[in-house]
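One structure below.
The values are calculated or read from the model by the stated rules, or taken from the named source; none is laboratory data. Since this is a predicted model, take the numbers as computed values, not measurements. Neighbour counts are summed over all protein chains in view; Cβ atoms, including those assigned to glycine, are modelled from backbone coordinates with ideal geometry. Accessible surface is based on the protein model in full, side chains and every heavy atom, while ligands, DNA and RNA are left aside. Shrake-Rupley method; radii C 1.70, N 1.55, O 1.52, S 1.80 Å.
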Amino acid sequence: MLRRCICAISIFLTSMCVSAVEVEGLWNVNELRVPPKASWSLLKEKTVQTSNGPVIIKRGKVYFEGPEYNGKGTRIMAFFASPVGSGPFPSILLIHGGAGAAFSDWAELWASRGYVALAPDFCGHEVLAENFTEYDYSQQKYREKKERVPLENGGPGARGEDRFEPFTMMNNEYRNRWEWYATAAAIKSHALLDSLDQVDADKTAVTGISWGGYLATLLAGIDQSFQVVVPVYGCGHLQDGSMWTQKELKAMSAADRALWLACFDPSSTAAGVTSRILFVNGTNDHAYPLNIHRKTCYDIAHSDILLCNNLQHSNTNGWSPPEIEAYINSVLQNTNSLPLLEKPVVNYGKDKIEISAKVKHNGQATEATLFCGVCDDPGFVGGYDSNGKFHQVTWKEYPARIVNNCVVAEIPAGPDTGKLWAYLEARNEQGLRGTTHYIELESPTEE
């Protein structure tokens, strides 16, 4: 498999175009799924306050063998938390974003929900304090950076610019890339979780935020033993308008860029996704704008979608939507489905436009809303323009109705219709949401 991968890349380097690089050969999943050796700190009980009252959990740290880096073995540090008892419990892998680290409170949150949770640091660090306060994008600084230090024999760091350094396939050089290492480390983390006596290995989930969402999307098509995946913000098609298009990716040669995309862009593994998958994003996300987010969602025909109006980009905001827990519970514990929606259908009339979408997975919708967005530049439709400037979209809410468990909305048609984006949202009795992705509306044409 790897030999065919190298041959395909060699053909590309000769012809300056990528035909098909078989990324499945880059990761030996069977080898990586062998449970790694691990050492555990003393697990201590802690009372966590939840909306249903106090819950006692166990928590601590674990250090385990990571993939090789530069030909040497590595160690990974993770926060661990679990319910009290012998189980078996469902489990969840929690992948932090690029400006974050391992978060103990994230693991404890999921333990209080009844899950065995593992929150590793995939940047070669150990978090000394129990909680790591992340980067505040609005203030362009760390609010209060807790100390973390390089871990002895830790893996590669993950500064944004380092992720796009050129590499070749010769002598396994690709294995020294953070993208390869972090994906392999996630597979090892999953193997560790599944090996625990208190874990039900048939009920495992992964969620990741920002670069962690990127990793979760990439991972979903490689490690098919997850039952449910929830990427937040992160997605694929990074060359088509992400935060890194105009600088890091543009600075690469055409050959290096094509090789990076063929190996490490999540669009390259989308065909292998068999698990249930919910993509979550904010409607004005600066890192992974909606145009590339939609492309990634549509790469996976069975994907589910939740767009959150003006959800801010951070680790803590990223794990806050209650729909994430509800979605994972619905898959692993057969609880009620969210009112998730199929792709929207648009019918253009002479003076009005009807937008509709069916509720799927037997979800029940009781309320619905149409969101229409207008860009701050009337000649542009959001995201990054060719000069690398990010354009905001202002979203307004309009009424929609439920007809036979289908969301239906109408808007007047006019000359400015073609400057609008729109998406539908459904809500159930608990106020939990599901949405379509956006559509670009067309202006009516005069006959």
For segment 298-327, which residues satisfy the criterion of being open to solvent by 70 Å² or more (accessible area, probe 1.4 Å) and either assigned to a strand (DSSP E or B) or aliphatic (A, V, I, L, M) (or both)?
Ala301
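One line per residue, one yes/no per condition, for (1) surrounded by 21 or more Cβ atoms within 10 Å (Cβ to Cβ); (2) assigned to a helix (DSSP H, G or I):
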| position | (1), (2) |
| --- | --- |
| Asn153 | no, no |
| Phe167 | no, no |
| Asn172 | no, yes |
| Trp180 | yes, yes |
| Ser189 | yes, yes |
Which ones in segment 209-244 are open to solvent by 20 Å² or more (accessible area, probe 1.4 Å) and in a helix (DSSP H, G or I)?
Gln239, Asp240
Could you tell me which of the residues Val273, Val228 is farther than 21 Å from Pro344 by Cβ and touching a strand residue (DSSP E or B) at 6+ places or on another chain (Cβ under 7 Å)?
Val228
Hey, Ser330 hits all of (1) farther than 27 Å from Ser386 by Cβ; (2) touching a residue at least 40 places away in the same chain (Cβ under 8 Å); (3) open to solvent by 10 Å² or more (accessible area, probe 1.4 Å) but one; which does it fall short on?
(2)
Where a residue in segment 187-198 is among the acidic types (Asp, Glu) and its partner, wherever it lies, is outside any helix (DSSP H, G or I) and open to solvent by 10 Å² or more (accessible area, probe 1.4 Å), with Cβ under 7 Å and at least six apart:
Asp194/Ala201
Scan segment 254-268 and give yes if some residue there is out of contact with any helix residue (DSSP H, G or I) (no Cβ under 7 Å at 6 or more places or on another chain), assigned to a helix (DSSP H, G or I) and within 21 Å of Arg33 (Cβ to Cβ), otherwise no.
no
Kindly indicate whether Tyr214 is of a type in the set (Ser, Thr, Tyr) and at pLDDT below 95.
no
Out of segment 194-207, which residues are surrounded by fewer than 23 Cβ atoms within 10 Å (Cβ to Cβ) and of a type outside the set (Ser, Thr, Tyr)?
Asp194, Leu196, Asp197, Gln198, Val199, Asp200, Ala201, Asp202, Lys203
Which residue is most open to solvent (accessible area, probe 1.4 Å), if the candidates are limited to segment 28-69 and must be in contact (Cβ under 8 Å) with a residue 40 or more places away in the chain and in a helix (DSSP H, G or I)?
Val29
Looking at Asn291, Asn281, which is the one that is within 23 Å of Phe371 (Cβ to Cβ) and open to solvent by 40 Å² or more (accessible area, probe 1.4 Å)?
Asn291
Does segment 237-257 include one or more residues that are under 21 Å from Asp304 (Cβ atoms) and either at pLDDT below 95 or in contact with a Gly (Cβ under 9 Å, 6 or more places away or on another chain) (or both)?
no
